[in-house]
Amino acid sequence: MRVSKEIHEVQKVVKDWTKKGKSIGFVPTMGFLHEGHIRLIQEARKENDKVILSIFINPLQFGVGEDLDTYPRDADHDRNIAEEQGVDLVFLPENATMYPSPLTVEMSVTKRTEALCGKSRPGHFDGVVTVLTKLFNITQPDNTYFGMKDAQQVAVVDALINDHNIPVKLVAVPTVREEDGLAKSSRNIHLTEKERKEAPAIQESLQIGRQIVQEGQKDPSEVIQATQKFLEQRTHGKIDYIELLSYPELESIEEINRPVILAVAVFYEKVRLIDNVIFYEDGEDYTG
């Protein structure tokens with residue numbers, strides 16, 4: 001496994017692979033790898049000749065007061081996992097490498113960000129599409145892999161690729177969960193013991209919402225109310241949002257008559273957790 005901090009080195013390797021007709025799978029991450037990331041790497045490994053993993057905590061997607069400084073980091077741990085999973089190249093750039101000077105051309109996301117996390121994190125997805133555009137240009141992958149835990153990010157990346165004719169296939173991978181249903185996240189280590197016991201209620205509440213859709217409920221407000229009632233009774237965390245929107249457009253709807261996402265975000269003392277379920281109008285799992 002090769003580890004590089006330099007853009008030109010990665011581009012040289014990619015050019016060589018491309019000349020040899022090798023397919024490339026790319027997994028962009030912010031490090032502190034867990035089983036969710038491992039699942040992405042495994043999918044990339046199955047479907048491509050070569051796999052590139054990037055580890056970069058992108059400052060552009062963190063707002064004022066967010067957890068940039070406390071975001072968990074463990075480079076040795078990440079390298080070990082990457083090697084165990086058969087990654088061919090780890091791209092580990094410094095901030096100054098990715099952003100050597102102030103940006104002359106800035107990117108802005110105009111749709112799919114007015115709700116969910118985008119509503120409370122202005123500029124977040126602008127930072128996401130900026131760094132991904134740079135990373136896609138550097139790695140030139142055939143396929144790129146993202147987890148559905150952050151379904152809004154998947155929707156935004158889908159728009160980025162389609163709007164700008166980026167020649168990469170987006171592969172959305174189902175959320176990896178703990179045994180009790182909590183979505184795997186690098187931020188879970190910041191939960192207190194009490195919060196960790198309560199946190200599975202997030203996914204449980206989403207399943208309650210989906211269940212009443214399966215039973216015939218088509219009114220989004222009724223689904224949201226049932227989800228909220230269940231969650232409020234089982235956690236002291238502060239609910240940031242509970243929303244039900246069309247997917248992947250992420251637009252408000254008056255009736256559940258198309259694929260939708262039911263999503264929740266909850267603030268705990270030191271961490272904000274997100275989760276979602278995506279399903280068709282009959283409540284069955286969305287398959288894209």
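Under the shape rule built on the C-alpha gyration tensor, where the axes satisfy a ≥ b ≥ c, segment 76-129 is oblate, since a/c reaches at least 1.5 while a/b does not exceed b/c. Pairs of Cα atoms in segment 2-173 fall into 5 Å distance bins, from 0 up to the last occupied one, in shares of 1, 8, 17, 21, 23, 17, 9, 3, 0, 0 percent.
What ranking, highest mean first, results for peptides 63-70, 141-148 when packing means the other Cβ atoms within 10 Å averaged over each residue? Don't skip to the end; give the middle numbers.
On the way: 63-70: 10.4, 141-148: 21.8.
Most protected by this proxy first, the peptides run 141-148, 63-70.
Neighbour counts of other Cβ atoms within 10 Å put Arg258, Arg39 in the fewest-to-most order Arg258, Arg39. Across the chain, the relative contact order, built from alpha-carbon pairs under 8 Å that are at least six residues apart, equals 17 percent. Extension gain, Gln214 to Glu232: 0.36 nm times the residue separation minus the Cα-Cα distance gives 4.3 nm. Sorted into 10 angstrom bins from 0, the C-alpha pair distances of the chain split as 6, 27, 35, 23, 8, 1 percent. The shape of segment 96-246 comes out prolate: with a ≥ b ≥ c from the C-alpha gyration tensor, a/c is at least 1.5 and a/b beats b/c. Amide hydrogen proximity for Val3: with H placed 1.01 Å from N in the peptide plane, the residues at 5 or more positions away or on another chain lying under 5 Å are Val90. Helices in the chain, meaning DSSP H runs of at least 4 residues, each add -39500 (n - 2.57). Divided by all residues, the mean residue ellipticity at 222 nm is -11000 deg cm²/dmol.
Exposure proxy ranking for Ser108, Ser205, based on other Cβ atoms within 10 angstrom of each Cβ and starting from the fewest, stands as Ser108, Ser205.
Pairs of Lys residues in segment 186-277 are counted when their Cα atoms are under 17 angstrom apart and they lie 8 or more places apart or on different chains; the count is 6. Couplings for segment 191-196, taken from phi via the Karplus curve 6.51 cos²θ - 1.76 cosθ + 1.60 with θ = phi - 60°, read 6, 6, 4, 5, 5, 5 Hz in order; Gly and Pro are left as x.
Taking a straight line from the alpha carbon of Lys19, these lysines sit under 27 Å away, with near neighbours fewer than eight places off in the same chain left out: Lys5, Lys46, Lys50, Lys134, Lys169.
Our analysis of segment 147-210 gives Rg over Rh at 1.11, with the two radii drawn from alpha carbon positions and Rh computed by the Kirkwood formula.
List residues of segment 81-114, by number, whose backbone nitrogen lies under 20 Å from a label position 7 Å along Cα→C-beta of Ser252. What the label zone holds, given the 20 Å backbone N cut-off, is 110-114.
Return the Rg/Rh value of segment 194-267, two decimal places, where both radii are evaluated on C-alpha atoms and Rh is the Kirkwood radius.
Over the Cα atoms of segment 194-267, Rg/Rh equals 0.98.
Only bridges whose two residues both fall in the chain count here: according to DSSP, what percent of them are antiparallel, nearest 5?
Values: 18 of 37 bridges.
In the chain, DSSP labels about 50 percent of beta bridges as antiparallel.
Distant-in-sequence amide contacts of Tyr241, defined by a placed amide H-H separation under 5 Å and a gap of 5 or more residues or a different chain, comprise Ala265. Under 16 Å of direct C-alpha separation, and excluding same-chain neighbours fewer than eight residues apart, Lys111 reaches these lysines: Lys119.
Where a number appears in this text, it was derived from the coordinates with a stated rule and is not lab data. Remember, predicted model here, so these are calculated numbers, not experimental data. Glycine gets a Cβ as well: all are built from the backbone with ideal geometry, and neighbour counts include every protein chain shown.
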